[in-house]
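Since every read-out is calculated from the coordinates, none of them should be taken as a lab result. Predicted, not measured: the structure shown is a model, and the values here were computed from it. A quick note on method: Cβ atoms are made from the backbone with ideal geometry, for glycine too, and the neighbour counts reach across all protein chains shown.
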Amino acid sequence: MTTDPRAAAKRAVGERVAAMVEDGMRLGLGTGSTAARAIEALGRRVRAEGLRVAGVPTSFFAERLARAHGIPLTTFDEVDGLDLAFDGADEVDPSLDLIKGRGAAHTREKVVAAQARRFVVLVDETKLVERLGAKMPLPVEVLPMAATPVMRALERMGARPELRMGLRKDGPVVTDQGFWIVDARFEGGIEDPAALDPALLALPGVLDHGLFIARATEVLVGEVGGAVRRIRRPEPG
Ligand code: 5RP
């Protein structure tokens, strides 16, 4: 018996994106509780229909879950590009820009999203915000020896940085790449996400951060009661 009131919405968007998958597709497999529902739904289709797909996982979490559900895995050494990637998000703004990285997987998630022709983001209504950073801190993945200089630089940029600590582990969270996470809180939200993106990447020791600018091609929003609303990015021009 689940206690998450958003469980039905997560299940609904997971099933919807799994239904978009066609035989032979190469897929990006996201991380988090919502992407997990999509991986499970995809696994059911693979078993029931013999759907032939290959997935690139965005984390150890996604890799283990996909294996458990019988989804064949691949890497970018074997495939050139993906037909579709799906993933959750922590915040989505009206331009469909995102904050990701609550699960500390945003660096690989961005690599996978960048390889995909379609990047489908799966959220419930609580993730929709007017301004990125209004509710969630921005995760920044850093080389451990650069954590303090990066935190000082984030303070100069107007953020309140905090090193993310493990829950069932003493000391900092260590990512799948062996890096650390600094969560940067911007009071009142991030004024100009598109400008902050390259400024953060220019800091020595930063591997990547959780801002996803102009990457989502569509967002599936799970509503109360299990309905799904689809928001598409307008075609350029
Ligand atoms: C992991 C992520 C997740 O996709 C994001 O945190 C959403 O997770 P959930 O669906 O559990 O709310 O970015 O790094």
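At 7 Å along Cα-to-Cβ for each site, give me the label-to-label distance between V228 and R156 in nm.
For the pair V228/R156, the computed spacing is 4.6 nm.
Roughly speaking, what is the centre-to-centre gap between segment 1-76 and segment 160-237 when only Cα atoms are used, to the nearest Å?
21
Among 156-162, 5-11, what's the highest-first ranking by average C-beta atoms within 10 angstrom per residue?
Values: 156-162: 15.1, 5-11: 18.1.
Packing proxy ranking, top to bottom: 5-11, 156-162.
How high is the relative contact order of segment 118-236? Use alpha-carbon pairs under 8 Å, at least six apart in sequence, and give a whole percent.
The normalised contact order for segment 118-236 reaches 37 percent.
Rank by packing, highest mean first: peptides 213-219, 48-54, 84-90, with packing defined as the count of other Cβ atoms within 10 Å averaged across residues.
On the way: 213-219: 18.3, 48-54: 12.9, 84-90: 27.1.
Ranked from most to least packed, the peptides come out as 84-90, 213-219, 48-54.
Evaluate the distance, in nm, between pseudo-label points positioned 7 Å from the Cα of L203 and of M165 along their respective Cα→Cβ axes.
2.0
Determine the equivalent ellipsoid of the chain by diagonalising the alpha-carbon gyration tensor, then write out the semi-axes as square roots of 5 times the eigenvalues, largest first, rounded to whole Å.
Value: 29, 20, 17 Å, ordered largest first.
Quick one: what Rg and Dmax do you get for segment 138-209 from the alpha carbons, in Å?
11.9, 36
For the chain, what does -39500 (n - 2.57) per DSSP helix run (n ≥ 4), summed and divided by total residues, give at 222 nm, in deg cm²/dmol to the nearest 500?
-9000 deg cm²/dmol
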